[in-house]
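For reference, the structure discussed in these notes is given below.
Nothing in this text is a laboratory measurement; each read-out follows from the coordinates by a stated rule. Quick caveat, the model's predicted, so the values are computed rather than measured. Glycine also receives a Cβ, built like all others from the backbone with ideal geometry; neighbour counts cover every protein chain displayed.
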Amino acid sequence: MQAALETLYTAADKPRLTEAARLRTSCRAYAGAPDAAQLAALAYAVGRYQLPGARLVLQPVAESFFTSTLLGMKRITGCTMMAAVIITDTPMSRIHAGILGESFVLEATALGLGTCWVTGSYRRKNLQVSVADNEGVLCVIAVGKPSEPLTMPASRRRKLPEHFCRGNLSDWPEELTDAAALVQLAPSAMNMQPWVLSVGLQGEFILDANDRAQLDAGIALCHAELALETPHRWHYGTARHEPIAWAVAGR
Ligand SMILES: Cc1cc2nc3c(=O)[nH]c(=O)nc-3n(C[C@H](O)[C@H](O)[C@H](O)COP(=O)(O)O)c2cc1C
């Protein structure tokens, strides 16, 4: 059977990774690479989380690999390790890349490591990752020892749930408001938070994203999955009028 989002995490993983999701923020100041034990745990996570059309490769990089941004975000400094996010150009690959990458980010966070998704502020021409003819590097994830220990952020720049959830939130089942709260914490490119959540007529949890931002949607799906306890199956839209994904209760 093909790996699927609803089978990616064990019951023991979920509270650990949920805690990591609450702790995670983008880290831009590092004090070097993970130690040997952390690297072994990261390599295990890379091997363990598998979905079709996307894969991660851990690789050392020069500190100068990361560049400054036009948008006033700090340049990533002191980081000498990254995970390259590699995809084949298939319909689900960007969504799967988001799920796998964020699973990796949360595993790294649980190890006390800093991470930052990076699509823009790195030197693409300095990538030294071997890819097959039908593959390409979608983005990279900086990972390493944070220059300051990870601490729970006092506040975050995030949309309020009523701005990305359709309908009356007070009518939503608690499990789905919990899922929305965890999606709210998810990182997104330029902090656009493009996701739109709703509850369908049959009680299904629906996740869509403005501009069909599939990588960000995959990241949000990872967070949503961590919060869902009722057995469920994820379905994915194939037509443009369909949402990106929806979870239906049942096995
Ligand atoms: C797909 C993606 C691409 C990103 N690209 C960059 C980048 O190129 N440079 C950077 O400094 N941060 C980048 N970020 C980090 C976002 O700016 C950050 O997640 C967002 O501002 C929310 O802040 P937080 O991660 O601290 O919660 C990226 C995040 C995502 C999810």
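Here the spin labels are modelled as points 7 Å beyond Cα on the Cα-Cβ line, and at Leu71 and Ala31 they lie 2.9 nm apart. A simple charge model with +1 on the Cβ of Lys and Arg, -1 on the Cβ of Asp and Glu and nothing else charged puts the dipole of the chain at about 800 debye relative to its Cα centre. Spatial offset of region 17-40 relative to region 145-185 amounts to 20 Å, using the alpha carbon center of each.
Got the relative contact order for the chain handy, in percent, Cα pairs under 8 Å and 6 or more residues apart? Computed value for the chain: 22 percent relative contact order. Couplings for region 206-220, taken from phi via the Karplus curve 6.51 cos²θ - 1.76 cosθ + 1.60 with θ = phi - 60°, read 10, 10, 10, 9, 4, 6, 6, 6, 6, 5, 4, 4, x, 4, 5 Hz in order; Gly and Pro are left as x.
When you filter the trypsin sites (Lys or Arg not before Pro) in region 82-138 for DSSP loop state and at most 14 other Cβ atoms inside 10 Å of their Cβ, you are left with Arg123.
Taking only the C-alpha atoms of region 32-107, the Rg (one decimal) and the largest Cα-Cα distance, Dmax (whole number), read 13.8, 36 Å.
Averaged over residues, the count of other Cβ atoms within 10 Å places the peptides 156-162, 18-24 in the sequence 18-24, 156-162, highest first. So for region 161-249, taking the charge dipole from beta-carbon charges (+1 Lys/Arg, -1 Asp/Glu), which of Leu182, Ala249, Tyr236 sits furthest toward the positive end? The listed residue farthest towards the positive side: Tyr236. For region 161-249, taking the reciprocal of the average inverse distance between every pair of different Cα atoms yields a Kirkwood hydrodynamic radius of 12.9 Å.
Listed by Cβ neighbour count within 10 Å, with the fewest neighbours leading, Leu138, Leu197 appear as Leu138, Leu197. The share of alpha-carbon pairs in the chain lying farther apart than 31 Å comes to 20%. Look at the dipole of the chain built from charges on Cβ: of Leu207, Cys165, Leu106, the Cα furthest out on the positive end belongs to Leu106. Between the listed residues Pro146, Ile76, Ala4, the Cα displaced farthest toward the positive end of the dipole of the chain, a dipole computed from Cβ unit charges relative to the Cα centre, is found at Ile76.
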